[in-house]
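Okay, here's the structure, questions in a sec.
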Amino acid sequence: MLVRVYYAILLYSSFIFLTEWSTATLPPLDSFVPLWPLWWGHALGLSTVAVAQCVRIFFVGATFVGVLWYDRWYARLFVFAGIWQVHALASSFGIVSHPWYGWMFTSLIFVLLPDSIWRNEPAHETRRTFLLVIWWAQAYIMLTYTLSGIWKLLVGLQQTAAGEVSGFAPMGLAYQIADWLPKIQGEAIFGPFIITHPYIGWAMYLVVQYMQIFAIYTMIRPSLQKLWCIELVLFHFGTFLLMGITFSPFIPLLLALFFFSPFIPEAVSWRQIAFELPIVGQLLQFVRTKLLAHRTIGR
Amino acid sequence: MSYVALKKVVLVSLTLYAASAWYAHFFAPNENLYPLFSWNLFSYIPNEVQTYTITILSYNHTIYNPPLAFDKKLFLLSSVNRSPNEFIWEIGELGRAFEAQDTDAIKRGRTLVETLFRGMPARYEVHHATYDPLTYWKTDAFKEMRMIGVVDTSVKP
């Protein structure tokens, strides 16, 4: 199910890309400096517009192949090639496009899914390999969030030590938003609200940093995956509502990989989630142990 | 590939990816080692910003007094299919070119920045500005603003 949903979303994404990257809406051609995956454009003497057209059409074709033949490794490889070209094109106009990284690397990982999982009755080894590749793709995504969280932690400590307003400070998010909003001059509905009510932003930002740092932890605590998925999706909604930043490709990717995750237990209680939260869970466990010991002594 | 071998591949690849992120941060801060990326996004809280910006003195024969600030909902941006953030990078390049008096770099910078004017005549100033983001948001006040160049688009670079 997860794999089919993944390639179905990509087909839809190719349509969105087709509409958003039309000839009329291309960035200024003067700023086009093709990254190395687009070497063929120069080799064939193609104009920037022609390169963009080729990439768009190729991506659409690749995603159709992917949704129809997701059970064949060469079709999945074709899809990866399409996404890679899209990412290279989007990143060739002065600024690297970060949102497509997730799809690019997970589609490469998915090439290694065992085709035999979709044939007759797969062997135990095949099932294990299939699940391992799914886990790998999920782990890559969570690793990107953890890396982002670790940088926030390290830079936050550095700025705090220097006596500066850091990501841990009550005014941290307000400063970030105040600096960013003039740069995008677009919609950020709640940005001004957070600037004028910084303590609300403070609590949110601390939670975001906690969730990002420990994102990779959910790969060994699958009961947390759905909660983390929802929070990360909310985080992306939040970055748009507060700062006007769209990281939209990551939202369907998170939903595809984690809402349909084969690792989430059938029944997960809020108690189990609480006790498996990083740091918080250990603290709760510690308190419970102390309370139990106290009761035992009391008897 | 056997399951055991694949497990090793998975762990090594994730470790290498994390290592590449660190490498990208320290050795490719401008993301010029595609597809390596550090994932260091919005970690730094800007306390005091030093940047370059432009103010528009005239556009298409209309004189603006006070001059139009680039970062104050500039109407010109709605006519060009680019985000202000991309222009900020280019304005920065132009500003650095003016500071260095690098005529080739000024020419390159002007070519990109002046796409904002879509071929219409304009005069604009390039400034080096220092500000506290929160104070600037609330009061429009810079700590320091220093003009480093004036450009008339009718004079070709």
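Quick note: the coordinates plus some simple rules give every number you see, no bench work behind them. These figures come from a predicted structure and were not determined experimentally. Here the Cβ positions follow ideal geometry from the backbone for every residue, glycine too, while neighbour counts run over all protein chains shown.
Give the residue from A:261, A:167, A:200 lying farthest towards the positive end of the charge dipole for the protein assembly as shown; charges sit on Cβ (+1 for Lys and Arg, -1 for Asp and Glu) and the dipole is referred to the Cα centre.
After comparing all options, I get A:261.
Where the centre of each part is set by its Cα atoms, how far does segment B:31-91 sit from segment A:53-114, in angstrom?
31 Å
With axes computed from alpha carbons, what is the tilt in degrees of helix A:48-68 against the longest principal axis of chain A, rounded to the nearest 10 within 0 to 90?
It is inclined by approximately 60 degrees.
Among A:235, A:258, A:286, what is the fewest-to-most ranking by other Cβ atoms within 10 Å?
Ranking A:235, A:258, A:286 by Cβ neighbours within 10 Å, fewest first, gives A:286, A:235, A:258.
Size of the dipole of segment A:34-145 about the Cα centre, Lys and Arg at +1 and Asp and Glu at -1 on the beta carbon, nothing else charged, in debye to 20?
Roughly 60 debye, rounded to the nearest 20.
For residue B:105 and residue B:61, what does the FRET efficiency come to when R0 = 35 Å and r is the distance between their Cβ atoms, rounded to the nearest 0.05?
The value I calculate is 0.75.
Using a Förster distance of 22 angstrom, determine the FRET efficiency expected from the C-beta separation of residue B:16 and residue A:35, and round it to 0.05.
Taking R0 as 22 Å, the efficiency between residue B:16 and residue A:35 is 0.60.
If we count other beta carbons within 10 Å of each Cβ, what is the order of A:39, A:136, fewest first?
In order of increasing Cβ crowding within 10 Å: A:39, A:136.
Evaluate the protein assembly as shown: find the radius of gyration of its Cα atoms, find its Kirkwood radius, and give the ratio Rg to Rh.
1.01
For the pair residue A:266 and residue A:284, how long in nm is the line joining their label points, each one 7 Å along Cα→Cβ?
Each label point is offset 7 Å from its Cα along the Cβ direction, giving 2.3 nm.
A further question on this structure: Among A:180, B:43, B:87, whose Cα projects farthest towards the positive end of the dipole of the protein assembly as shown, with charges put on the beta-carbon of Lys, Arg (+1) and Asp, Glu (-1)?
B:43
What's the extension gain from residue A:157 to residue A:25 if we count 0.36 nm per residue and subtract their Cα-Cα distance?
This chain segment gains 43.3 nm when fully extended.
What is the distance, in nm, between label points placed 7 Å from the Cα along the Cα-to-Cβ direction at residue B:80 and at residue B:147?
2.1 nm
Taking the Cβ of each residue in A:142, A:219, B:1 as the centre, tally the other Cβ atoms inside 10 Å and list the residues starting with the fewest.
The fewest-first ordering by Cβ neighbours comes to B:1, A:219, A:142.
Using only the alpha-carbon atoms, how far is helix A:73-90 inclined from the longest principal axis of chain A? Give it as 0 to 90 degrees, nearest 10.
90 degrees
Sticking with this structure for a sec: Compute the projected area of the convex hull of the Cα atoms of segment B:49-152, averaged over all viewing directions, and report it in nm² to one decimal place.
Computed as one quarter of the Cα hull surface, the answer is 6.3 nm².
Return the subset of A:290/B:8; A:226/B:138; A:152/B:138; A:290/B:7; A:183/B:156 for which the Cα-Cα distance in this structure is over 30 Å, preserving the input order.
Violating the 30 Å Cα-Cα cut-off are A:290/B:8; A:226/B:138; A:290/B:7.
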